[in-house]
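Scroll down for the structure; my scribbles are underneath it.
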Amino acid sequence: QQPGMTGQVKEDLLSRFGELGVFVTEGKIVFKPRLLKESEFLTSSKTFDFISVSGTKESITVNQNQLCFTYCQVPIIYTVAEEEKVVVTYNSGNKKVLNELALDEEISNELFNRTNNVKQIEVFLTK
């Protein structure tokens, strides 16, 4: 028997990240959610549970007009907004605003290497 995920599960996971519009281009995480349906965003607030990079169970509130998933164990929240941008929140409390739908190489490497420096990422999308 093959340990770990089967080929079909891996394919489904990769397909879902494609639907969510998460791609890696030249070492940078890029958000292009072209296949995402408006019906996938929440109509009311819910709690999202996940296992953080440090291995602890954590929860965050996901509000109306948002959806949430994890990438490299970091929660990524898509929010319907008036302008497109990305806000990276660090565990230190600091925030960095990026005026494009992509993370720079440094932040992308933080996620890939699971350094536990990035707390969450919020991606603001226009309709």
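Which ones in the range 59-101 are of a type in the set (Ser, Thr, Tyr) and under 25 Å from THR43 (Cβ atoms)?
Matches in the range 59-101: SER59, THR61, THR70, TYR71, TYR78, THR79, THR89.
Residues of the range 34-53 being within 23 Å of PHE23 (Cβ to Cβ) and part of a strand (DSSP E or B), which ones?
Let us first name the residues in the range 34-53 that are within 23 Å of PHE23 (Cβ to Cβ), namely 34-41, 48, 50, 53.
Listed by number, the residues that qualify are PHE48, PHE50.
For the range 17-28, enumerate the residues that are open to solvent by less than 90 Å² (accessible area, probe 1.4 Å) and assigned to a loop (DSSP other than H, G, I, E, B).
Within the range 17-28, the first condition is being open to solvent by less than 90 Å² (accessible area, probe 1.4 Å), and the residues that meet it are 17-25, 27-28.
Hits for the range 17-28 are GLY21, GLY27.
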Checklist entry - Do any residues in the range 90-104 that are on the phi < 0 side of the Ramachandran plot and aromatic (Phe, Trp, Tyr) have Cβ atoms under 7 Å from those of residues that are surrounded by 12 or more Cβ atoms within 10 Å (Cβ to Cβ) and in a loop (DSSP other than H, G, I, E, B), where the two are at least six apart or on different chains, and which pairs are they? => result TYR90/ASN117
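Here is a yes/no grid of residues against (1) of a type outside the set (D, E, K, R); (2) modelled with pLDDT under 95; (3) part of a strand (DSSP E or B):
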residue	(1), (2), (3)
GLY55	yes, yes, no
SER59	yes, no, yes
PHE69	yes, yes, yes
ILE76	yes, no, yes
GLU82	no, yes, no
VAL86	yes, no, yes
THR89	yes, no, yes
LYS96	no, no, yes
SER108	yes, no, no
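Give the residue that is surrounded by the most Cβ atoms within 10 Å (Cβ to Cβ), with candidates limited to residues of the range 105-127 that are hydroxyl-bearing (Ser, Thr, Tyr) and in contact (Cβ under 8 Å) with a residue 60 or more places away in the chain.
Taking the range 105-127 and keeping what is hydroxyl-bearing (Ser, Thr, Tyr), we get 108, 115, 126.
Add one more test, that the residue is in contact (Cβ under 8 Å) with a residue 60 or more places away in the chain, and what stays is 108, 115.
Numbers: SER108: 20, THR115: 12.
Looking at the filtered set, the residue picked out is SER108.
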Item to check | Positions within the range 29-64 being buried (at least 16 other Cβ atoms within 10 Å of the Cβ), within 14 Å of VAL123 (Cβ to Cβ) and not hydrophobic (A, V, I, L, M, F, W, C), in sequence order | outcome: PRO33
Item to check | Enumeration of residues in the range 110-127 that are at pLDDT below 95 and within 14 Å of the chain's Cα centre (by Cα) | outcome: LEU125
Checklist entry - Residues in the range 22-50 that are more than 13 Å from the chain's Cα centre (by Cα) and within 12 Å of LEU67 (Cα to Cα): how many? => result 12
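The values are calculated or read from the model by the stated rules, or taken from the named source; none is laboratory data. The structure displayed is predicted, hence computed values, not measured ones. As a convention, Cβ positions derive from the backbone with ideal geometry for all residues, glycine included, and neighbour counts pool all protein chains shown. Keep in mind that these areas ignore ligands, DNA and RNA; they rest on the heavy atoms of the full protein, side chains included. Shrake-Rupley method; radii C 1.70, N 1.55, O 1.52, S 1.80 Å.
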